[in-house]
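Q: Please find one structure pasted underneath; my questions will follow.
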Amino acid sequence: MLEIKNLQVSLAEEDKEILKGVDLTVEAGKVHAIMGPNGSGKSTLSYVLSGKDGYEVTGGSASLDGEDLLELEPEERAAAGLFLAFQYPVEIPGVGNMTFLRTAVNAQRKARGEDEMSAAQFLKVVRERAKTLKIDSDMLKRPVNVGFSGGEKKRNEILQMAMLEPKMCILDETDSGLDVDAMKLVSEGVNALRDEGRGFLVITHYQRLLDHIKPDVVHIMANGRIVKTGGPELALEVEQNGYADILAEVA
Amino acid sequence: MGIAESRISQLQDRVAGLSVPASAWNAKNRAAAVERLQSMGLPAPRDEYWRFTDPKSLNAIEAPKAALFDPKETDVFDTIDRLEIVFVDGVFDATASDELSGSNMSIERLSDAEGQDTHWTADCYGALEAIGQTPVQRPFAALNTAYATDGVLIHVTGKVEKPVNITYRHANETSDAILHHVIKLEEGAELTLLENGPAAARFNKSCEVFVADRATFHHVRTQGRDHERRAVTHIFADLGTESVFKSFTLTANGALTRNECVLRLNGDDATAHVAGASVGDGDFHHDDTVFITHDAVGCESRQVFKKVLRNGATGVFQGKILVKPDAQKTDGYQISQSLLLDDDSQFLAKPELEIYADDVACSHGSTSGAIDEEALFYLCSRGVPKDQATDLLTVAFLAEAADEIESDTLSDLIVDKLEGWLERHRP
């Protein structure tokens with residue numbers, strides 16, 4: 001589903017190479033995790049895939065179901081089925097959460113040539129999905145992420161994911177800033193979306209999240225490359241020994 | 001101190017084509033205004049309050065031509081149950097207007113009233129304008145009082161349920177209209193005044209509002225459509241004890257708009273809110289000039305002005321809060337913000353506070369900024385096209401001003417208009 005080949009990326013403003021040839025394939029129905037020390041390029045990978053400004057792709061490719069992602073605008077990537085759950089969800093004063101969700105859902109439907117969801121239909125679906133994530137009607141009415149706690153922001157990301165039903169979900173350190181209960185809630189939200197046709201790329205520092213969202217494949221990223229790939233046991237190894245051993249081993 | 005010869009001759013030329021309508025009871029008020037105007041002369045670009053707005057086209061003898069623009073949209077307040085009064089290029093349109101009557105108020109045209117021997121406005125017409133000339137001179141307001149050809153006079157004695165809506169149509173490319181309204185709300189009375197439409201190629205409008213104790217006046221207006229039109233408007237209001245005055249203006253398009261609002265809070269615990277949202281694309285100059293005087297205890301005033309500017313549009317805000325020595329417990333707030341959608345547009349702001357009482361809370365702020373790129377990317381990453389995402393963020397910015405409108409129905413109509421305008425003016 002998601003195919004990344006020898007992806008090389010620099011910061012647009014300064015001549016600094018962040019990704020130095022990333023190869024990664026996420027199949028439909030699978031959950032891949034990327035772990036790695038700070039500064040290894042994990043978040044950059046998520047931003048480049050979703051189309052954020054400020055990065056320059058100097059080589060390689062990234063495609064979703066054969067479609068070249070790097071040629072598309074961020075909104076086109078979203079309509080193509082890509083979703084990024086932000087590490088730091090953005091606060092947008094003045095834009096109601098519900099308005100935002102509905103605009104996004106209908107924009108994607110329109111882009112795919114589907115009928116827009118009626119207000120009533122949308123309301124029904126959003127209430128239902130919000131409920132399982134313990135998002136109350138007040139949170140839906142408030143401006144996007146404004147005054148939300150860390151946990152509320154992450155739950156709101158998962159609600160967006162649930163409403164947009166993307167093919168490929170990237171979760172960028174969704175566990176950061178979450179307490180144990182919130183992590184459980186968010187993980188349940190993610191697990192509920194696990195599906196034959198959907199791929200996940202879970203970026204995290206800690207194995208803890210992977211106790212809840214069980215990965216099929218774990219990659220270790222360091223210095224702009226995937227340096228090791230293995231099964232869930234690789235995450236446990238990191239948890240016990242840190243990255244030093246693995247990095248020494250591949251060096 | 002006399003004024004320069006050149007100013008006197010410039011003024012003589014400017015008013016040569018205008019005449020003071022004859023009236024038994026209003027002749028004195030009109031003559032006094034002519035005298036005020038002659039002592040001031042027309043504004044010049046070096047005058048303190050005209051440094052950011054060039055008065056040239058307002059001073060010109062003839063109104064600069066303004067092409068008519070028909071965006072094929074309905075009038076903003078069409079869905080509101082209202083009493084509508086229509087002026088076309090400043091001329092009353094009886095056929096298009098509703099019958100001038102309503103419960104708890106008397107309503108008539110200035111030109112009709114001036115034919116009568118006496119009138120309740122004899123002590124009101126021009127009175128607030130005259131007071132409003134100090135400490136800052138407002139020559140176009142004096143010109144208006146002297147030469148206005150018509151207007152609406154409303155005396156409100158109780159709660160008026162239906163809003164009064166004055167619609168200004170523009171049909172002649174060189175029209176030069178001067179209208180003067182007087183509204184007097186007796187104790188405890190309530191009125192909502194709506195105004196909309198492009199009015200004329202050049203429009204000078206003045207509105208004097210007397211808000212007695214515990215009376216409430218709501219005002220929502222839109223100035224829009226025709227790109228080349230010019231307007232200078234004044235609102236003068238005196239507020240009594242525990243009275244409420246709320247005025248909101250939406251301005252879209254217009255080569256030049258200068259909206260002045262001069263309020264005096266004379267009774268304790270009065271509330272005055274003035275807000276504006278303006279959107280300009282290209283040849284657009286919009287100026288909000290506000291002067292609020294606190295002259296009683298425990299009054300609250302708010303000024304909230306938001307401007308969205310693109311393609312070389314200019315926004316001006318000059319807002320002053322004057323707190324007199326006895327106006328203790330004053331709560332004054334002022335914010336003016338602009339969203340500059342490109343590098344060619346500019347926002348000029350001059351906030352002023354002058355405070356002589358020692359127990360007051362006054363704050364002001366002014367900002368200029370661009371669209372928040374982080375927020376824009378966040379919206380786009382959810383599939384919202386960049387244009388639409390920009391509009392969403394822009395409306396969110398402007399909505400803070402529209403939120404000042406008391407009625408949600410009216411506020412929603414304003415936001416709808418803003419959304420429509422933004423959609424038509426995407427880069």
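Q: Mind checking how much accessible area B and A bury in total, 1.4 Å probe, in Å² rounded to 100?
A: 1800 Å²
Q: Long-range amide H contacts for B:Phe291: which residues qualify at under 5 Å (H placed 1.01 Å from N, peptide plane, sequence gap of 5 or more or a different chain)?
A: The list, which skips near neighbours in sequence, is B:Cys261, B:Val262, B:Leu263, B:Lys320.
Q: When each pair of different Cα atoms in the protein assembly as shown is counted once in the 1/r mean, what is the Kirkwood radius in angstroms, to one decimal?
A: Value: 28.3 Å, from the Cα pair sum.
Q: For region A:41-140, with every protein chain kept in place, what is the accessible area per residue (1.4 Å probe, Å²)?
A: 46 Å²
Q: If ligands, DNA and RNA are left out, what is the accessible area of A:Ile203 with a 1.4 Å probe, given in Å² to the nearest 10?
A: Its heavy atoms expose roughly 0 Å² to the probe.
Q: How would A:Tyr88, B:Tyr356 rank on accessible area, largest to smallest, probe 1.4 Å?
A: Working: A:Tyr88 155, B:Tyr356 130 Å².
From most accessible down to least: A:Tyr88, B:Tyr356.
Q: With a 1.4 Å probe and all protein chains kept in place, how much accessible area does A:Glu3 have, in Å² rounded to the nearest 10?
A: Surface accessible to solvent at A:Glu3 totals approximately 70 Å².
Q: Using a 1.4 Å probe, what is the accessible area per residue for chain B, in Å²? Mind dumping the intermediate values first?
A: Working: 15940 Å² over 427 residues.
So chain B comes to 37 Å² accessible per residue, rounded to a whole number.
Q: Given chain B, what percent of its DSSP beta bridges are antiparallel, to the nearest 5?
A: If we restrict to bridges inside chain B, about 5 percent are antiparallel.
Q: Could I ask something else about it? Long-range amide H contacts for B:Ile166: which residues qualify at under 5 Å (H placed 1.01 Å from N, peptide plane, sequence gap of 5 or more or a different chain)?
A: Sorted by chain and number, the residues that satisfy this are B:Ile85, B:Leu194, B:Glu195, B:Asn196.
Q: Considering the zone a paramagnetic label at B:Glu419 would reach in this model (a point 7 Å from Cα along the Cα-to-Cβ line), which residues of region A:118-160 have amide N under 19 Å from it?
A: Under cut-off, by backbone N: A:118-124, A:126, A:140-144.
Q: If you don't mind, there's one more thing I want to ask. Across region B:25-30, in residue order, what do the Karplus-derived ³J(HN,Hα) couplings come to in whole Hz, using 6.51 cos²θ - 1.76 cosθ + 1.60 with θ = phi - 60° and x for Gly and Pro?
A: Taking θ as phi minus 60°, the curve returns 8, 9, 4, 5, 5, 5 Hz for region B:25-30.
Q: Would you work out what percent of the accessible area of the protein assembly as shown, with all protein chains in place, is carbon or sulfur (probe 1.4 Å)?
A: Details: 12570 of 26990 Å².
Carbon plus sulfur share of accessible area: 47 percent.
Q: Convert each backbone phi in region A:11-19 into a coupling constant with the Karplus relation 6.51 cos²θ - 1.76 cosθ + 1.60 (shift: θ = phi - 60°), then list the ³J(HN,Hα) values in order as whole Hz, x for Gly and Pro.
A: Calculated HN-Hα couplings, in order: 6, 5, 6, 10, 7, 10, 7, 9, 9 Hz.
Q: Another one. Accessible surface of B:His119 in the full protein assembly, 1.4 angstrom probe, to the nearest 10 Å²?
A: Surface open to solvent at B:His119 totals about 20 Å².
Q: Next question, about the same structure. Give me, ordered by chain and number, the residues 5 or more places off B:Val316 or on other chains with an amide H under 5 Å from its own placed amide H.
A: HN-HN under 5 Å from B:Val316: B:His286, B:Asp287, B:Asp288, B:Leu348.
Q: Give me the net charge for the shell around B:Val279: Cβ to Cβ below 10 angstrom, other residues only, Lys and Arg +1, Asp and Glu -1.
A: It works out to a net charge of +3.
Q: In sequence order, what are the phi-derived ³J(HN,Hα) couplings for region B:181-197 according to the Karplus relation 6.51 cos²θ - 1.76 cosθ + 1.60 with θ = phi - 60°, rounded to whole Hz, with x for glycine and proline?
A: Values per residue, Gly and Pro as x: 10, 10, 10, 10, 9, 6, 3, x, 6, 9, 8, 10, 10, 10, 9, 7, x Hz.
The values are calculated or read from the model by the stated rules, or taken from the named source; none is laboratory data. Because the structure is a prediction, the values reported are computed rather than measured. Please note: Cβ atoms are built from the backbone with ideal geometry, for glycine as well, and neighbour counts cover all protein chains shown. Side chains included, ligands, DNA and RNA excluded: accessible areas come from the protein's heavy atoms. Shrake-Rupley method; radii C 1.70, N 1.55, O 1.52, S 1.80 Å.
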